[in-house]
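Below is one structure, written out as structure tokens, with a few remarks after it.
The values are calculated or read from the model by the stated rules, or taken from the named source; none is laboratory data. Note that the structure is predicted; figures quoted are calculated from it, not measured. Virtual Cβ from ideal backbone geometry, glycine too; neighbours counted across all protein chains shown. Quick note on the areas: whole protein, heavy atoms, side chains included, nothing else; ligands and nucleic acids left out. Shrake-Rupley method; radii C 1.70, N 1.55, O 1.52, S 1.80 Å.
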Amino acid sequence: QQHRRAFMIMSGRLHARGTERVHKNVWLEFARLAADYKAVNLGQGFPDFSPPEFVQDAFCKAVSGGHQMHQYTRPFGHPPLVHILAKFFGRIVGREIDPLEDVLVTVGAYQALFCAFQALIEEGDEVIIVEPFFDCYQPMVKKAGGKPVYVPLRPVSGDGSAVPSSGDWVLSPEELASKFTPRTKAVVINTPNNPLGKVYKTEELQVIADLCIKHDVLCISDEVYEWLTYDGNKHVKIAGLPGMWERTVTIGSAGKTFSATGWKVGWAIGSEQIIQRLKAMHQMSVFDCATAAQEAVARGFEREYELFGTPESYFQQLPAMLHQKREKLASCLGGAGLQPVMPEGGYFMIADTSSVTVDFSDFMSTDDEPHDFRFVKWLIKEKGLATIPVSAFYSPEHRKDFDKYIRFCFIKEDSTLDAADDILRTFSQRQ
Amino acid sequence: LMHLCFVLQNIMTSRHTHTKRIEGLDKNVWVAFTSLAADPSVVNLGQGFPDIPPPSYVKEALAQAASVDKMNQYTRGFGHPSLVKALSQVYGKVYERQIDPLKEILVTVGGYGSLFSTMQGLVEDGDEVIIIEPFFDCYVPMVRMAGAKPVLIPLRLKSGKKTVTSADWFLDPDELSSKFSSKTKRRKHLHTTGRTSDELQMIADLCIKHDTLCFTTLPGMWDRTITISSAGKTFSVTGWKLGWSIGPEHLMRHLQTVMQNTIYTCPTPLQEAVAQGLQHNFELMGQPECYFSSLAEELEGKRDRMAAFLQEAGMPPVIPEGGYFMLVDVTPLNQDLSHMVQDEAYDYKFVKWMIKEKKLAAIPVTAFVGEESKKQFEKYIRLCFIKQDSTLDAAEAILKNWRKI
């Protein structure tokens, strides 16, 4: 009796404030559905092939290395890793990066984002998020007590003859400027962008930088797909623009860099004053990251440092391989009546479903669910092909303006893409 | 004009002070002492990690896991399926209950990550959390970060014993009872010394009486307890940073939500390897070859050895009933540290002096207690004995030569 009463009393006061905002997790929902229907999975955003041999070898070597490989390493990042990251990225942005002060290694880029928001955002701060955005930014801003302020990329209407490209999706400088208030603390950008594939040009980053400097605002730049650019598009680091180093946190991922998402090694790079705060948060949440994986990533970067810009570099080979897959997927989608938006970077492609008419009436999805959610569910259940609805990457206020797009991931084995192709071919036959 | 611009810039960027939640977090005993002990000529009995190798099958399992394509990509957020299954088997046997691998287990980045998920998931602004001293140093800042108030209660030493063990340190039931208030949310299990089942029952009764959540487990306590553990400590692989929390679904789902919003998922190949290690030992449970018992046996020998050479050097140890640390009272050495002028507790000064002068590293015990208890604990230092024989030999040699300059 007493136990039961205690239980009931307890359940009233249990969950802590931040966790009340359980964010509806689109990944879990659709992953489950894809598994249930054994769908060809172009939904999940990670490779279905292995990391390159040199990095796998480095991992095996680390594992069979001395006992230190299996014990705690330096909390803010394994020394060989922070040294090579500082050297590697220092060369790219053209400045001396201090490996011990300007670099923090985290459990994936995800934890770097978490540390950044927790360390820099206070109750009442506003954070400008450019849409479409990787869905974790919003709950992370909220958990830090911040208020997300959204500004969407919009496709400029072309003459209809060119294939739509992610480069057509732009920010309106006036609209962006109007979002800044005295309470704005930070702007979050993701380039190359997930899901769109947009690679921001220097001029576009300059507009953002000018506003950050004018309003004394920080910039959180999520650059996990930085090596994946196509058609000669160059990835530009906003931290490298004048006046931006002191106010930018640049986030990267070994998982995306070396096709080893399961290793969960990421980093945040920035000025000492900013990284110091992220370090404090890191110390409070995980304290340090696994040693062997950091060792392997360090060796991977050391190799890439020497081969940078040459054809043997993985950072050349991976985008070259993905370029072919991108072309293949775009042509399959076009053939099926789905209009792809050609991504300039990243490994995702969105497609406009407007031309495909589907009868949803016999499906369990509700009427108030956005069109793309219903389309994705139908595509999984009826066709056995998994994708992700793009409106999941938008704020509630803008969701309905972008609910005709679905996202495909093309960092998949050819056999997977072929299987998707077979399914897509049935579209034009069906209608 | 240029000078004026520069000054204005400085004024403007000073708007970016750090957020309240990370205030005061820069002082950290590990960051301070690990760099001091990193000098290779120092015999390091400080930070708690083994310098003995992990069991070979566990390393092999990791190498093997990394060679499987899928194992290098993301796995299930709340815990790799084979790992949560192995955990539910092992702990199901230990607790003698069915544990749901998907709803009652969360895999985290070390035991540390579990502590963080628990605090963030279950502790709120205005709550009070009872912590028994000495405690693993992160408990207090984590409680504070969650907006709650740490309420400390020290273990007290029974006087008059010649050879002291950790069992001679006890909780005063009346003192403990007095710490519970309407705001008490939970208490923490002790880190550095073990507890008897009578004491745990006393704590359990108080928790039930005051409707408080708890972090230890006993019959009748399942619904209000989160139990935290570590692959690093279980398999001597602290550098794998994998741990787990086990508890009832209605509590665990809050920890899972925290995980979803902070790390999302833990590394896959490491989880696979731990799953195999657990599976291997599950089958051996109760037998001498089981690592869970063989490690304890190996460490008991090291414990006894260390206790002996400390006693010989004139430093009375507190013989631990569990764990791999030993506290030792440095009072009899009468070491004069008046030349060290920093405003620090005696044990901090002692350890710094000992690292510098004797090339032996330990950790000061006042790092594990609150301000009010510092006087009670400042003559103790903590030594780690999960070290290979050559390290213990070196420590013994230093202690034998202590009196000689």
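Worth pointing out:
- Simple rule: put +1 on each Lys or Arg Cβ and -1 on each Asp or Glu Cβ in chain A, find the dipole, and look at A:Phe46, A:Ile92, A:Leu176; the Cα lying farthest toward the positive end is A:Phe46.
- Accessible surface calculations at 1.4 Å, restricted to protein heavy atoms, place the protein assembly as shown at 39 Å² per residue.
- Here region B:103-154 is treated with +1 on each Lys and Arg Cβ and -1 on each Asp and Glu Cβ, and its dipole about the Cα centre works out to around 120 debye.
- Tensor-based shape of region B:230-373 (alpha-carbon gyration tensor, a/c under 1.5 rounded, otherwise prolate or oblate): oblate
- With the gyration tensor restricted to C-alpha atoms of region A:149-239, the semi-axes of the equivalent ellipsoid amount to 24, 16, 10 Å, longest first.
- Comparing the full protein assembly with the isolated chain, the residues of region A:236-285 losing at least 20 square angstrom of accessible surface (1.4 Å probe) are A:Arg247, A:Lys256, A:Thr261, A:Gly262, A:Trp263, A:Lys264, A:Arg277, A:Ala280, A:Met281, A:Gln283, A:Met284, A:Ser285.
- Accessible carbon and sulfur surface of the protein assembly as shown relative to its total accessible area, %, 1.4 Å: 53 percent
- Zero-based 10 Å bins, Cα pair distances in region A:28-181, whole percents: 8, 19, 28, 30, 12, 2, 0
- Less than 5 angstrom separates the built amide H of B:Asp100 from none of the residues sequence-distant by 5 or more or on a different chain.
- Cβ neighbours within 10 Å from other chains - mean over B:250-256: 3
- Summarising the label geometry, the points placed 7 Å from Cα in the beta-carbon direction at B:Met285 and A:Glu312 lie 5.1 nm from one another.
- Region A:331-411 - Kirkwood radius from inverse mean 1/r over Cα pairs (Å): 13.1 Å
- P(r), alpha carbons of the protein assembly as shown - 20 Å bins starting at zero, rounded %: 15, 46, 31, 7, 0
- Label-to-label distance, nm, for residues given as B:Ser338 and B:Lys161 (7 Å Cα→Cβ offset): 3.5 nm
- Computed over chain A with a Gaussian network model linking Cα atoms closer than 10 Å, the most mobile of A:Ala62, A:Ala116, A:Ala35 is A:Ala35.
- Local charge for A:Asp48 was computed over the other residues whose Cβ lies under 14 Å away, with Lys and Arg +1 and Asp and Glu -1, and equals -1.
- Options B:Leu87, B:Gly243, B:Ser181, ranked by Cα towards positive dipole end of the protein assembly as shown, top entry (Cβ charges): B:Ser181
- Computed per residue of the protein assembly as shown from DSSP H runs no shorter than four, each worth -39500 (n - 2.57), the mean residue ellipticity at 222 nm is -13000 deg cm²/dmol.
- A protection proxy built from the mean count of other Cβ atoms within 10 Å ranks the segments A:125-137, B:380-392, A:275-287, most packed first, as A:275-287, A:125-137, B:380-392.
- Long-range amide H partners of B:Leu152 with built H, under 5 Å: B:Ile131
- Interface residues, region A:46-64 - accessible area loss of 30 Å² or more versus chain alone, probe 1.4 Å: A:Phe46, A:Ser50, A:Gln56, A:Phe59, A:Cys60, A:Val63
- The Stokes-Einstein estimate for chain A, based on a Kirkwood radius over Cα pairs and taken at 10 °C with 1.306 mPa s viscosity, is a diffusion coefficient of 70 µm²/s.
- Summed over both chains, the contact between B and A buries some 6800 Å² of accessible surface at a probe radius of 1.4 Å.
- Take every Cα pair under 8 Å whose residues are at least 6 apart in sequence, average their separation, divide by the length of chain A, and the relative contact order is 23 percent.
- DSSP beta bridge pairing in the protein assembly as shown, given as percent antiparallel to the nearest 5: 50 percent
- Calculated over region B:16-130: convex hull of Cα atoms, volume per residue (Å³): 241 Å³
- Rounded to the nearest 20, the size of the Cβ-charge dipole of region A:54-173 about its Cα centre is 380 debye, with Lys and Arg at +1 and Asp and Glu at -1.
- For region A:238-392, average projected area of the Cα convex hull in nm²: 13.9 nm²
- Note on the protein assembly as shown: with charges restricted to the Cβ of Lys and Arg (+1) and Asp and Glu (-1), its dipole about the Cα centre is near 1400 debye.
- Along the axis of the charge dipole computed for the protein assembly as shown (Cβ charges of +1 for Lys and Arg, -1 for Asp and Glu, origin at the Cα centre), the listed residues B:Thr265, A:Pro79, B:Phe170 are led at the positive end by B:Phe170.
- Reciprocal mean inverse distance between Cα atoms of region A:377-431 - Kirkwood radius, Å: 12.7 Å
- Whole-Å distance, taken between Cα centres, linking region A:96-133 and region A:337-354: 29 Å
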